[in-house]
Amino acid sequence: MDLKLSHLQTMVLFAAVISIAFGFLSRRRPLDRVKYIVWSLFLFLAIGLGIGWVMYPFSR
Amino acid sequence: MTEDTMAGTTPRRDSRRDTMAFAIGVAGWVLPGLGHALLKMWGRAVVIFLSVGALVVVGAGMRGNIFTSQASDAFESLGYLADIGTGSFYFLAKSLEPNGPDVSHATGDYGTRLLATAGVLNLLAALHAYEAARGRKA
């Protein structure tokens with residue numbers, strides 16, 4: 001098996017898996033879990049992309 | 001029940017529960033999700049099994065570095081501790097990488113991080129199962 005994922009694809013996979021796992025571990029009610037997962041996923045992606053753009057001017 | 005009897009049984013019961021909780025924590029470490037399954041927390045068990053499994057399969061598929069116990073520096077030791085956190089899935093990852101790791105490309109480096117994440121996530125889940133078995137709020 002030789003998977004080729006881009007940086008963005010890897011980050012989205014990481015964010016989704018960790019958000020779902022944390023949502024199930026830290027919340028009991030289904031609605032609370034969904035809210036936690038969506039919010040956590042959004043923050044993972046927004047902060048990841050934000051840091052990426054902040055570092056962009058120094059990348060070359 | 002007299003106070004003497006209660007004083008004699010309660011610590012023994014606590015000790016038994018602590019031993020069971022420890023065994024459940026170890027079971028959760030050895031096979032991701034098993035600790036929660038033993039506690040009949042089926043949703044959490046399935047999610048932990050699939051999450052750790054997905055991270056291990058993709059991380060190994062990207063030919064991430066799976067550290068061994070023969071570490072040459074502190075970072076490799078930490079990497080090994082993180083990787084062994086996946087329990088039996090450590091050997092699954094090894095079997096999925098017949099040609100060994102390839103970190104000469106960024107993809108392999110991402111795979112290394114996913115494998116470490118899987119281990120740390122499983123350790124967290126095992127600790128959660130241990131705490132739940134001890135009766136702490138979980």
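The values are calculated or read from the model by the stated rules, or taken from the named source; none is laboratory data. Only a predicted model underlies this, so the values are computations on that prediction, with no experimental measurement involved. Glycine also receives a Cβ, built like all others from the backbone with ideal geometry; neighbour counts cover every protein chain displayed.
Please find, within the range B:120-138, the residue that is farthest from the chain's Cα centre (by Cα) out of those that are within 11 Å of chain A (Cβ to nearest Cβ) and surrounded by fewer than 21 Cβ atoms within 10 Å (Cβ to Cβ). Only one residue fits best here, namely B:Lys137. B:Ala71 fulfils the conditions (1) out of contact with any Ser or Thr (no Cβ under 6 Å at 6 or more places or on another chain); (2) farther than 18 Å from A:Phe22 by Cβ; (3) more than 10 Å from chain A (Cβ to nearest Cβ); (4) not charged (D, E, K, R) except for a single criterion, (1).
Annotation: A:Asp2 fulfils all but one of (1) in a helix (DSSP H, G or I); (2) surrounded by fewer than 18 Cβ atoms within 10 Å (Cβ to Cβ); the unmet one is (1). Scoring B:Asp83 on the criteria (1) of a type in the set (Asp, Glu); (2) under 21 Å from the mean Cα position of the chain (by Cα); (3) surrounded by fewer than 18 Cβ atoms within 10 Å (Cβ to Cβ) leaves a single failure, condition (3).
The criterion of being touching a helix residue (DSSP H, G or I) at 6+ places or on another chain (Cβ under 9 Å), within 12 Å of chain A (Cβ to nearest Cβ) and either surrounded by 23 or more Cβ atoms within 10 Å (Cβ to Cβ) or modelled with pLDDT of 95 or more (or both) does not hold for B:Leu96.
Only one of the numbered conditions (1) in contact (Cβ under 8 Å) with a residue 60 or more places away in the chain; (2) within 14 Å of another protein chain (Cβ to nearest Cβ); (3) in contact with a helix residue (DSSP H, G or I) (Cβ under 6 Å, 6 or more places away or on another chain) is not met by B:Leu38, and that is (2). Give the range A:5-33 a look and list any residue that's over 14 Å from the mean Cα position of the chain (by Cα) and either over 20 Å from B:Phe49 (Cβ atoms) or not in a helix (DSSP H, G or I) (or both), or say none. Result: A:Leu5, A:Ser6, A:Arg27, A:Arg28, A:Arg29, A:Leu31, A:Asp32. Within the range B:99-119, the set of residues being more than 10 Å from chain A (Cβ to nearest Cβ), more than 14 Å from A:Lys4 (Cα to Cα) and surrounded by fewer than 20 Cβ atoms within 10 Å (Cβ to Cβ) comprises B:Gly100 only. Whenever a residue of the range B:46-62 is more than 8 Å from every other protein chain (Cβ to nearest Cβ) and touching a residue at least 12 places away in the same chain (Cβ under 8 Å), its partners that are of a type in the set (Val, Ile, Thr) and surrounded by fewer than 24 Cβ atoms within 10 Å (Cβ to Cβ), lying with C-beta atoms within less than 8 angstrom and at least six residues away or across chains, give the pairs B:Gly59/B:Thr112; B:Gly59/B:Thr117. Restricting the range B:24-61 to residues that are over 15 Å from B:Leu127 (Cβ atoms) and part of a loop (DSSP other than H, G, I, E, B) leaves a set whose member that is farthest from the chain's Cα centre (by Cα) is B:Lys40.
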